[in-house]
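Structure, as structure tokens:
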Amino acid sequence: MNYRLARPALLIALALAGSVASALEIKPGIGAGLLYTDNAALTSDNEDNDLVAVGYLGADISENEGPFRSSVKSSLIYQHYTEDTFSDQYYLNLNALAGWEMIRDRLDWKAENFFTQRPVNSLNANTPDNRQDTNVFTFGPIATFPVSGRQQIRLRPQFRTFYYEDTNTDNRQYSLFADWSYQFKPTLSVGVDGGATKVAYDDDDRNPDYTSSTLHGFVAGTQAASEYRVNLGTTHIQRDDFENQDGFTGDLTGLYHLTGRSSARAYLATELRDSSTGLLKSSTNPDDGDFSNEQTSGDVLRNKIVRLTFRRVDSTFNTDIWGEYRDLDYKEAPNDRDVKEVGASADYRIAPLMVTGAYGRYNRTKETDSGRRDKTYIIGGNVAYNLSRNLRTKFDLQYRNRDSNRSRQDFKEFSAFISLVYGFRDLTRPTRYSGN
């Protein structure tokens, strides 16, 4: 694990937080868990039972006063396989943000960092030997120029780096974006946005550099119970060693509030981009697509996606239902695939201190270049109990099964996980599905 990659965002966020110590809010977290699994390596044969001991430390640090703001959500997880299926594992997760509004409503500086783990091969089981540290760091200003009471222009120069521990697709991206917007009426705005990005790979012999240029017109509106935004335009990608790519790109996002507690969201898009962009979009807004359905690559790809989400949140009953269809067309690498996925989760507060829940997920992935087809489903249930205001325990049972036409990629597993956590964030199970 490369902690050096998370250091820039930590230093920036902590420095800004320290500027107004009185406004600093810290929520610590500590916990432990124990997992029993009857197939620790998720293999098709020679299944091995194992007992995995888990330790957790975490923190939620935030500060927001005056022109400065910062937020750090972090966790460090230790996993010990008592039967030695895998060696001891350490996983750092970090979501850090720092900002400085240098000139109010005119110039805002922003730095963000995401550090997590992703599968090396997204089709294979998410075991420790198929996980890699990944990191995204973004820095740049947003300059706003009011043209009139209804119009404004924004410039967004940006520097971004992507790090992948094992897939050899590390890259740096230098971008300049600009947009013009016009508030046609209080509930409707229109405009144009575009920009250019230079992508430079550390290994440019294996992953040729390229420049991407985009231009879109957009319409965004709000109604009493709905919100929407439509972007339509074109993207041109000029590559150093491979064939250039260009074509229509656009997306539609619609959110409808069915009641004060429930909403439905639709996201449709067709876009030319690289997988690094997909990683960042999934990190910042999972409802725009699950990155576990995509393969990390230095190639340019055409992503076509439809994702529908229904969500209900209240004090006693919460529900989350989603469906995703995706067609991924990689221009050089043999990673083309069609993905269909549906999932649902629900929890119900049966007593003031006790919540019970259930969840399920089905994923069908067809890799069109190789002919590989995988069908994976997961079902599970859990009970959580609050021992005190900040101390809680949770017991979770799960069964999952994968049917694959690729040799030795089938597996089935039953597991049970119990955890005890104080403070910030719940503890996730060690053998979670990569999309969870």
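Every number in this text was worked out from the coordinates using simple rules, so none of it is lab data. Please read all numbers here as calculations on a predicted model, not as lab measurements. Cβ sites come from the backbone with ideal geometry, for glycine too, and all protein chains shown count toward neighbours.
Brief remarks on what is shown
- Put in order of Cβ neighbour count within 10 Å, fewest first, the listed residues D338, D88, D403 become D88, D403, D338.
- The value of relative contact order for region 15-174, using C-alpha pairs under 8 Å at least six residues apart, is 14 percent.
- Within-12-Å neighbourhood charge of F424 [Cβ basis; K, R +1; D, E -1]: +1
- Cα convex hull of region 368-436 - mean projected area over all directions, nm²: 5.8
- Over region 270-373, Cα pairs under 8 Å with separation of 6+ residues give a relative contact order of 20 percent.
- Each principal axis of the Cα cloud of region 39-171 was evaluated for its coordinate range; sorted largest first, these ranges are 70, 30, 23 Å.
- Taking the number of Cβ atoms within 10 Å of each Cβ as an exposure proxy, the fewest-first ranking of Y256, Y163 is Y256, Y163.
- In the chain, the calculated helix contribution to ellipticity at 222 nm averages -1500 deg cm²/dmol per residue, counting -39,500 (n - 2.57) for every DSSP H run with n ≥ 4.
- Residue pairs exceeding 18 angstrom between C-alpha atoms, taken from K375/K412; K198/K304; K304/K340: K198/K304.
- Panel values: the chain, Kirkwood radius from alpha carbon pairs, Stokes-Einstein at 4 °C and 1.567 mPa s, translational diffusion coefficient 55 µm²/s.
- Positive dipole terminus of the chain, leading residue within I103, Y81, I378 (C-beta point charges): I103
- Filtered trypsin sites (Lys or Arg not before Pro), region 117-181: DSSP coil and at most 13 other beta carbons within 10 Å: R150
- Residue exposure proxy: T277, T235, ordered by other Cβ atoms within 10 angstrom of their Cβ from fewest to most, comes out as T277, T235.
- Cβ-placed point charges (K, R +1; D, E -1), dipole of the chain about Cα centre in debye, nearest 20: 1660
- Cα-based reach from K110 at 16 Å (exclusive), listing aspartates and glutamates while leaving out same-chain residues under 8 positions away: E63, E65, E101
- Annotation for region 28-111: trypsin sites (Lys or Arg not before Pro) lying in DSSP loop with at most 16 further Cβ atoms inside 10 Å of their Cβ are R104, R106.
- Projected onto their three principal axes, the Cα atoms of region 196-303 cover extents of 54, 29, 16 Å, largest first.
- Net charge contributed by nearby residues that have their C-beta within less than 10 Å of H216 (K/R +1, D/E -1): -3
- Summing +1 for each Lys or Arg and -1 for each Asp or Glu among the other residues whose beta-carbon sits under 13 angstrom from that of S44 gives -3.
- Note on region 63-133: Rg/Rh from Cα positions, Kirkwood definition for Rh, rounded to two decimals, is 1.22.
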